[in-house]
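Notes follow once the structure below has been shown.
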Amino acid sequence: MEIRLESLEDTERFGVKLGQVLKSGDVVCLNGELGAGKTTLTKSIGIGLGVNDYITSPTFTLINEYSGRLPVYHFDVYRLENVEDLYDLGFDEYFYGKGVSIVEWAEKIEGLLPEHRLVLDIEKGNDIDKRVIKIKAYGNRYIEMLKELGEN
Ligand SMILES: Nc1ncnc2c1ncn2[C@@H]1O[C@H](COP(=O)(O)OP(=O)(O)OP(=O)(O)O)[C@@H](O)[C@H]1O
Ligand SMILES: [Mg+2]
C-alpha cells in the first residue's frame, strides 16, 4: 500500500489515525533517509496513542519509553554500532511486550525484528513538504490493520 502525503499536516493526520488503531504488542518499523519524517510521524502516532509527553528522538539513548493508552517504546537505532547494546537493553522484552514499539531506522536491525510487523518506508520527493509512504504488512494482524486504516 502506498500513501501520498501532501503536507506536514497530512503526515500528522495519518500518524494520529495509525496511533488510534494500534494495539498491545504492535511493532511499527520506520525507514527513510535523514529528515524523511520518522520522528515527526512518531510524534503523531504518539498523539493517536494518547501520549501527553513531548516525544523526542532517542538517538543517543536508543530507546525512550512513554505512556499513553498503552506503553510506547520509541527506538532509534541510527547510531547503533553493536547489536550487543540492544541485547543489553533487553530489546526483545519491548518488541514482545505489552506496549507498542516504534522503531526508527528499523532496516539496520532487520534480523532482530519480530516476523510480524508493520513496515513504513518514508520517501522524500522534490517538494519539501511532500512524502510518499510505502507500507508493508507482515502478518495477519497488520493486514487487518491496513484494512481498518483504509476504511476510515
Ligand atoms: N509531509 C511531511 N511529513 C513529515 N515531515 C515533514 C513533512 N514536511 C516537512 N517535514 C519536515 O521534515 C522534517 C523531518 O524530520 P524528522 O526529524 O521527523 O526526520 P527523521 O526521519 O526522523 O530524521 P532522522 O533520520 O534524522 O531521525 C521535519 O523538520 C518536518 O517538519
Ligand atoms: Mg528521527
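The values are calculated or read from the model by the stated rules, or taken from the named source; none is laboratory data. A quick note: this is a predicted structure, and the numbers were derived from the prediction, not measured. Note that each Cβ is placed from the backbone with ideal geometry, even for glycine, and that neighbours are counted across all protein chains shown.
Side notes on the structure shown:
- Filter result for Thr40 (touching an Asp or Glu at 6+ places or on another chain (Cβ under 6 Å), within 16 Å of ligand 1 (Cβ to nearest atom) and either at pLDDT 95 or above or under 20 Å from Trp105 (Cβ atoms) (or both)): no
- Taking the conditions (1) out of contact with any strand residue (DSSP E or B) (no Cβ under 7 Å at 6 or more places or on another chain); (2) over 16 Å from Leu118 (Cα atoms); (3) crowded, with 21+ Cβ neighbours inside 10 Å in turn, Gly19 satisfies each one other than (2).
- Scanning the stretch 1-36 for residues that are part of a helix (DSSP H, G or I) and within 15 Å of Val72 (Cα to Cα) yields Gly15, Val16, Leu18, Gly19, Gln20, Val21.
- Taking the conditions (1) away from ligand 2 (no atom under 16 Å from the Cβ); (2) aliphatic (A, V, I, L, M); (3) surrounded by 15 or more Cβ atoms within 10 Å (Cβ to Cβ) in turn, Val83 satisfies each one other than (3).
- Selection of the stretch 22-44 for residues being under 21 Å from Asp92 (Cα atoms) and either within 14 Å of ligand 2 (Cβ to nearest atom) or surrounded by fewer than 19 Cβ atoms within 10 Å (Cβ to Cβ) (or both) yields Lys23, Ser24, Gly25, Val28, Cys29, Leu30, Asn31, Thr42.
- The one condition in (1) near ligand 1 (Cβ under 9 Å from one of its atoms); (2) buried (at least 21 other Cβ atoms within 10 Å of the Cβ) that Tyr78 fails to fulfil: (2)
- Strands (runs of 3 or more DSSP E) wholly inside the stretch 37-148 that include at least 1 residues being within 23 Å of Glu6 (Cα to Cα): 100-104, 117-124, 131-138
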